[in-house]
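Here the structure is laid out as structure tokens; the discussion comes afterwards.
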Amino acid sequence: MQTPWGYRYAQRTHQMASSAIRELLKITEAHDLISFAGGLPAPEVFPVEAFSKACERVLRDFGSKALQYSTTEGYLPLREMVVRHTWRYGIKVNPDNILITSGSQQALDLLGKIFINPGDLILVEAPTYLGAIQAWKAYGAEFVPVPVDEHGMMMDAFEEALRAGPKFIYVLPNFQNPTGVTLSEARRGKLIDLADRYGLPIVEDDPYGQLRYNGSHLPSIVVMDSKLRDNGEACYRGNVIYLSTFSKILAPGLRLAWVIAPPEVISKLVQAKQGADLHTSSLNQMVAHEVSRGGFLDRHIKVIKRVYGERRDVMLEAMEAHFPAEVNWTHPEGGLFLWGTLPEHLNSMEVLQAAIEHKVAFVSGEPFYPCGGGQNTMRLNFSNATPEDIRLGISRLGGVLHEMIGNKMVV
Ligand SMILES: Cc1ncc(COP(=O)(O)O)c(C=O)c1O
């Protein structure tokens, strides 16, 4: 039955659609499936004991502050911690460059709120992070897609795309969601040079940069940009807005992330955030700060890297053993995902239907392409399932793929 609300939605509301992944997660939770679908961290690595002690200390020592309203910018000691962390990578920032947000997802939404007019073009990788497409479509954004290969955004297509006149560039340089590929150092340099030449700002989304399992660390785009413009000041005023999060290195249930940007952008984001939620939970910020102190976060990241690095290897080995030769996949050096490409005549949505019947799930790649395409692609998460389940799930999926490609099943 139509309620009185049905015809009162704003125009932008009609642009909104449910995330394909969130919908799929409901199915995988409801059935007894091995799921490679979500981007979920491994629950086994959550430092529950450390959180329990930190909660106790925060409530005992700063209880009334933790339960009170607070400033929109975020808890100062936490912002100072982000400042120290950022200096380690060579970017001179101060707390005025930092905003704490309720997840990077909120930061993406706030960026949409302050920058995007209906019809504005945003240059994105194809495929790119679904949550950014979802957040920005609601503000009427349109997208200029640039294809990605095993070294990230392809630079010829990038230069071509710049001529379309995008408002800004959105890039995930490290172990990109969804493909797991990393933008090479040479391409990072070229991206910054071209963005500078065309006067275009960059949004760098980096939830996975600290989760590298092999290969060498590459400087982030904000670091390379800050070197270009170093004016001796302990304040970043460059061309890049950098996002990162505690979701993958501590716990996503905290809903805690940070933005690094020039102070005038931070001020606008603060105004936008006031309209959204006044501020991010004081209690969560204080507990996250308390947990992370004294080198705990660095030690914890080492644990996560060991667990996820092993799971990635197990998945790659199992794919090698069970997947048909016609399927190709990426070999990520970090992060949470890898990306499979099926023969063109296969539709990964149909493969997914068959896979669910065999009690294994993944995410079809198509929703990650903002302008269509990718019907024969799939994203697989390797952080959430145990090594035993990864082996079993991949052998089930391999069986489905062999069947659909028309080969004899390999047992
Ligand atoms: C590229 C990217 N950006 C942003 C987010 C959102 O992260 P958060 O949990 O901080 O909201 C994710 C989550 O998976 C992501 O992969």
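Mind listing just one residue for me: the one in the range 34-79 that is among the β-branched types (Val, Ile, Thr) and assigned to a helix (DSSP H, G or I) and, of those, surrounded by the most Cβ atoms within 10 Å (Cβ to Cβ)?
Going residue by residue through the range 34-79, those that are among the β-branched types (Val, Ile, Thr) are 34, 45, 48, 58, 71-72.
Subset that is assigned to a helix (DSSP H, G or I): 45, 48, 58.
Working: 45: 16, 48: 10, 58: 23.
Restricting to residues being among the β-branched types (Val, Ile, Thr) and assigned to a helix (DSSP H, G or I), the top hit is 58.
Scanning the range 352-389 for residues that are of a type in the set (A, V, I, L, M) and touching a strand residue (DSSP E or B) at 6+ places or on another chain (Cβ under 7 Å), which turns out surrounded by the fewest Cβ atoms within 10 Å (Cβ to Cβ)? Give the steps one after another, and end with the answer.
Residues of the range 352-389 of a type in the set (A, V, I, L, M): 352, 354-356, 360-361, 363, 378, 380, 385.
Subsequent filtering for residues that are touching a strand residue (DSSP E or B) at 6+ places or on another chain (Cβ under 7 Å) retains 352, 355, 360-361, 363, 378, 380, 385.
Details: 352: 21, 355: 25, 360: 26, 361: 23, 363: 27, 378: 28, 380: 25, 385: 23.
Only one residue tops the list, namely 352.
Does at least one position in the range 242-254 carry a residue that is without any contact (Cβ under 8 Å) to a residue 40 or more places away in the chain, loosely packed, with under 15 Cβ neighbours inside 10 Å and within 22 Å of residue 129 (Cα to Cα)?
yes
State all residues of the range 223-245 that are modelled with pLDDT of 95 or more and touching a Gly at 6+ places or on another chain (Cβ under 9 Å); if no residue qualifies, say none. Let's see the steps before the verdict.
Within the range 223-245, the first condition is being modelled with pLDDT of 95 or more, and the residues that meet it are 240-245.
Within the range 223-245, 244, 245 meet the criteria.
For residue 112, which of the numbered conditions (1) touching a Leu at 6+ places or on another chain (Cβ under 9 Å); (2) within 15 Å of the ligand (Cβ to nearest atom) fails to hold?
Single failed check for residue 112: (1).
Are any residues in the range 1-33 closer than 18 Å to residue 360 by Cα and surrounded by fewer than 16 Cβ atoms within 10 Å (Cβ to Cβ), and if so, which ones?
Once the filter is applied, which keeps residues that are closer than 18 Å to residue 360 by Cα and surrounded by fewer than 16 Cβ atoms within 10 Å (Cβ to Cβ), the range 1-33 yields 22, 23, 26, 27, 29, 30, 31, 32.
Taking the range 266-291 on its own, how many of its residues are within 18 Å of residue 86 (Cα to Cα) and more than 21 Å from the chain's Cα centre (by Cα)?
The total comes to 1.
Across the range 273-296, what is the number of residues that are of a type in the set (A, V, I, L, M) and crowded, with 21+ Cβ neighbours inside 10 Å? Outline the logic, then answer.
Residues of the range 273-296 that are of a type in the set (A, V, I, L, M), as a first pass: 276, 278, 283, 286-288, 291.
If we keep only those that are crowded, with 21+ Cβ neighbours inside 10 Å as well, we get 286-288, 291.
Matching residues across the range 273-296 total 4.
Filter the range 155-180 for residues that are away from the ligand (no atom under 13 Å from the Cβ) and within 20 Å of the chain's Cα centre (by Cα) and give the result.
168, 169
So, in the range 96-109, of the ones that are within 17 Å of the chain's Cα centre (by Cα) and of a type in the set (Val, Ile, Thr), which residue ends up nearest to the ligand (Cβ to nearest atom)?
In the first step, residues of the range 96-109 are kept if they are within 17 Å of the chain's Cα centre (by Cα); the result is 100-109.
From what is left, the residues that are of a type in the set (Val, Ile, Thr) are 100-101.
Values: 100: 11, 101: 8 Å.
Restricting to residues being within 17 Å of the chain's Cα centre (by Cα) and of a type in the set (Val, Ile, Thr), the top hit is 101.
Being open to solvent by less than 20 Å² (accessible area, probe 1.4 Å) and in contact (Cβ under 8 Å) with a residue 12 or more places away in the chain is true for just one of 303, 314, 265. Which residue is that? Quick ask: steps written out before the conclusion?
Numbers: 303 fails: open to solvent by less than 20 Å² (accessible area, probe 1.4 Å); 265 fails: open to solvent by less than 20 Å² (accessible area, probe 1.4 Å).
Of the residues listed, the single one that is open to solvent by less than 20 Å² (accessible area, probe 1.4 Å) and in contact (Cβ under 8 Å) with a residue 12 or more places away in the chain is 314.
If you go through the range 109-154, how many residues are open to solvent by less than 30 Å² (accessible area, probe 1.4 Å), assigned to a helix (DSSP H, G or I) and touching a helix residue (DSSP H, G or I) at 6+ places or on another chain (Cβ under 7 Å)?
Of the residues in that region, 7 qualify.
Where residues in the range 298-347 are in a loop (DSSP other than H, G, I, E, B) and of a type in the set (Asp, Glu), which of them is farthest from residue 406 (Cα to Cα)? Working first, answer last.
At the first step, the residues of the range 298-347 found to be in a loop (DSSP other than H, G, I, E, B) are 323-327, 330-333, 335-336, 342-347.
Keeping just the survivors that are of a type in the set (Asp, Glu) gives 326, 333, 344.
Working: 326: 11, 333: 32, 344: 14 Å.
Taking the candidates together, the pick is 333.
Provide a single number: the residues in the range 62-88 that are of a type in the set (Gly, Ala, Ser) and either touching a Gly at 6+ places or on another chain (Cβ under 7 Å) or closer than 17 Å to residue 107 by Cβ (or both).
The first filter runs over the range 62-88 and keeps only residues of a type in the set (Gly, Ala, Ser), leaving 63-64, 66, 70, 74.
This time we only want the ones that are either touching a Gly at 6+ places or on another chain (Cβ under 7 Å) or closer than 17 Å to residue 107 by Cβ (or both), so: 74.
Residues in the range 62-88 being of a type in the set (Gly, Ala, Ser) and either touching a Gly at 6+ places or on another chain (Cβ under 7 Å) or closer than 17 Å to residue 107 by Cβ (or both): 1 in total.
Given the options 186, 157, 195, name the one that is open to solvent by less than 10 Å² (accessible area, probe 1.4 Å) and among the hydrophobic types (A, V, I, L, M, F, W, C). Before the answer, list the steps.
On the way: 186 fails: open to solvent by less than 10 Å² (accessible area, probe 1.4 Å); 157 fails: open to solvent by less than 10 Å² (accessible area, probe 1.4 Å).
Exactly one of 186, 157, 195 is open to solvent by less than 10 Å² (accessible area, probe 1.4 Å) and among the hydrophobic types (A, V, I, L, M, F, W, C), namely 195.
In the range 72-83, is there at least one residue being of a type in the set (Gly, Ala, Ser) and out of contact with any strand residue (DSSP E or B) (no Cβ under 6 Å at 6 or more places or on another chain)? Steps first, please.
So in the range 72-83, the residues of a type in the set (Gly, Ala, Ser) come out as 74.
Restricting the remaining residues to those that are out of contact with any strand residue (DSSP E or B) (no Cβ under 6 Å at 6 or more places or on another chain) gives none.
The answer is no, given that none of the residues of the range 72-83 is of a type in the set (Gly, Ala, Ser) and out of contact with any strand residue (DSSP E or B) (no Cβ under 6 Å at 6 or more places or on another chain).
Looking at 149, 156, which one is without any contact (Cβ under 8 Å) to a residue 12 or more places away in the chain and not basic (Lys, Arg)? Lay out the reasoning, then the answer.
Numbers: 149 fails: without any contact (Cβ under 8 Å) to a residue 12 or more places away in the chain.
Result of the check over 149, 156: 156.
The values are calculated or read from the model by the stated rules, or taken from the named source; none is laboratory data. Remember, predicted model here, so these are calculated numbers, not experimental data. Counting neighbours? That spans all protein chains shown, and the Cβs are built from the backbone with ideal geometry, glycine included. For accessibility, only protein heavy atoms count, side chains too; no ligands or nucleic acids. Shrake-Rupley method; radii C 1.70, N 1.55, O 1.52, S 1.80 Å.
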